[in-house]
Amino acid sequence: MTKLSILAATTCLLLSAAGASAQEIKAAVPSADQGSYNPQLTAKEAVLTNWKLAISGLRAGKFVSDNVARAEGVEYPKLAAQAEFAAETMLLRYASSYWLFAMDETLDPVDGSVLLAAMAASRMPCETACDAATEALTTAFGSASAVLEEAAQAAELAAEARKGISDVEALAELLSDMATYLDSPAWHSDLSLTAAGMDGKEVSARVVGTLAVWRNIEPFVGMRSAEIDTAVNAASDRLLRDVRRNTRRKEVLAPDSAEIETIRASAAQVAHELRRAAGLFQQG
Amino acid sequence: MIRPLLIAAIWGGGALADESAVAQCLSCHMEDGRLDVVGVRELQDLPENWPLLFEDAFDRDGDGIAGRVGFVSGGGMPLIGKWGRLLAAARFEDFAQIAGAAHDIAVDEDMEAIRAAFEALSPAPVSPFQSEEDLARFEARGCAACHVTETYRIGERELMPLSDFLLHDLGEGEVRTTPLWGCDSSCLSYSHARTEAQGD
């Protein structure tokens, strides 16, 4: 936990204890309009940070896709290098945001064939007369940009809907849904880029995306239970280690492979601890 | 056109100008007749999602470098920070608020004047690279892992901030990758490793 995040959580929870109801973790962050901007996140904002991270990730994928799709007069080798960076960025950001689609039933994953087509186009070799290869790149990345923007807009609406719920509800929902996601096959099934030999990268990003979520809300859990905070961190460290060991340079990862089984066991342990963390904010 | 007018207003306006928030800000930010903050206009137009192009909070790629996005309060919805060494603000006006509070300068009522002054006086970014070879050497040394060489456009201008705008922990807490778009070629001889060794 960083010093800044500890400070943020302390501020929020002290203010909460001072006068807020048990339902709300009031952070009382003054707005810039009041003349004293405070950058520290409220509990609700910390939850929404994860939505922002995911939405911005999808938009980052769109940004790099647009750079390829709209390139004019760029020599093919330079465009191909741009496309390679774009394809990798798009995949990582999309996969890191994948928990969105498990968390909210109104959100649908993007069509994997569109991402695969962009990846394939980015790998198309061309030495001379590259008009067709250039057109394939611009078309494929134009399509990728469109589906990522569509997904980002839908996620924005889902995030907006969460602004109205209480801080404790928001924290409980996120922790609980992350647990459900890690306990489910969602992080290793319906992979988009198996044909491109990128299962390892996709699985890795789908799991690591949830660890980023945990980091963003950890301070609020830590202030309620240091024991649970430590337990989630220990389980997360083990999961991260297992993801690194079992996904690097893995072109294909079958659902029943030893690698997935190892990660699944660690993911289940994190899920268990996240459920305990969610319990800190649930009623009854 | 605006620059000479502002300078005239700030230094030629007598006591009133000296006491204004703009004058107070500039009294520390001017160095050799130039504002010491480069790219104020350009930074405001940095794409919001820029840090997400490079984010790797858990060193997933195993290159030994982890960098995370700095989020700040946005009055309900978090924003992605891009201003300041600690990425403490997403918007110029928020950063000015923080700086104003730190230096006991009331900036609220003069915010637009402060913005105008900083925009007018801020030097435009320059590239430290004299040639493609300079750029290739920079990338080969590994500097571009954080001082990224990706670009973005404002109209017809292509800008290379040479920063991923992520927070990295270099051993003394997390700090933003310093944008090098205000550097001349002398920046290219800088080395984190050598500096740390000298400090030991």
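The values are calculated or read from the model by the stated rules, or taken from the named source; none is laboratory data. Since this is a predicted model, take the numbers as computed values, not measurements. So basically every Cβ, Gly included, is an ideal-geometry build from the backbone, and we count neighbours across all protein chains shown. With ligands, DNA and RNA removed, areas are computed over all heavy atoms of the protein, side chains included. Shrake-Rupley method; radii C 1.70, N 1.55, O 1.52, S 1.80 Å.
Quick notes on this one:
- When all protein chains stay in place and ligands, DNA and RNA are ignored, the 1.4 Å accessible-area order of A:Lys78, A:Lys250, largest first, is A:Lys78, A:Lys250.
- Rounded to whole numbers, the Karplus 3J(HN,Hα) couplings from phi for region A:44-52 are 4, 5, 5, 5, 5, 3, 5, 5, 4 Hz, using 6.51 cos²θ - 1.76 cosθ + 1.60 with θ = phi - 60°, and x at Gly and Pro.
- Between B:Gln130 and A:Glu105, the C-beta separation translates, for a Förster distance of 35 Å, into a calculated FRET efficiency of about 0.05.
- Rounded to the nearest 10 Å², the accessible area of A:Ser257 at probe 1.4 Å: 20
- Residues of region B:50-67 that bury at least 50 Å² of accessible area once all protein chains are present, compared with their chain alone (1.4 Å probe, heavy atoms only, ligands and nucleic acids left out), are B:Leu52, B:Leu53, B:Phe58, B:Arg60.
- Taking all protein chains into account, the per residue accessible area for the protein assembly as shown stands at 47 Å² (1.4 Å probe).
- Gain on full stretching of the segment that runs from B:Glu156 to B:Asp61 - 0.36 nm per residue minus C-alpha separation: 30.8 nm
- Rg/Rh (Cα only; Kirkwood hydrodynamic radius) as it applies to chain B: 0.99
- Between A:Ala268 and A:Lys78, full extension at 0.36 nm per residue minus the direct alpha carbon distance yields a gain of 64.0 nm.
- With DNA, RNA and ligands ignored, accessible area of A:Thr106 (1.4 Å probe; Å², nearest 10): 100
- With Cα atoms as the point set, the radius of gyration and Dmax of region A:209-268 evaluate to 13.6, 42 Å.
- Multiplying each eigenvalue of the alpha-carbon gyration tensor of the protein assembly as shown by 5 and taking the square root yields semi-axes of 37, 32, 20 Å, largest first, rounded to whole angstroms.
- Label-to-label distance, nm, for residues given as B:Asp104 and A:Thr128 (7 Å Cα→Cβ offset): 7.5
- Share of carbon and sulfur in the accessible heavy-atom surface of region B:20-126 [1.4 Å probe, %]: 50
- Net lengthening on full extension, A:Lys163/A:Ser189 (0.36 nm per residue, minus Cα-Cα): 6.3 nm
- Interface residues in region A:195-239 - accessible area drops by 30 Å² or more relative to the isolated chain, probe 1.4 Å: A:Val208, A:Arg215
- Residues in region B:161-168 carry Karplus couplings, in order, of x, 6, 8, 8, 6, 10, 8, 10 Hz; the curve used is 6.51 cos²θ - 1.76 cosθ + 1.60 with θ = phi - 60°, and Gly or Pro positions show x.
- Heavy atoms of A:Asp111: accessible area, 1.4 Å probe, square angstrom to 10: 80
- The contact between chain B and chain A removes approximately 3100 Å² from the accessible area (both sides summed; 1.4 Å probe; ligands, DNA and RNA excluded).
- Here chain A has 52 percent of its accessible surface on carbon and sulfur atoms, given a 1.4 Å probe and all protein chains in place.
- Helical contribution to [θ] at 222 nm, DSSP H n ≥ 4, -39,500 (n - 2.57), averaged over the protein assembly as shown, rounded to 500: -18000 deg cm²/dmol
- Remark on B:Phe71: its backbone amide H falls under 5 Å from those of B:Gly81, a criterion applied only to residues 5 or more positions apart or on other chains, H modelled at 1.01 Å from N.
- For chain A, relative contact order (Cα pairs under 8 Å, six or more residues apart, normalised by length) works out to 23 percent.
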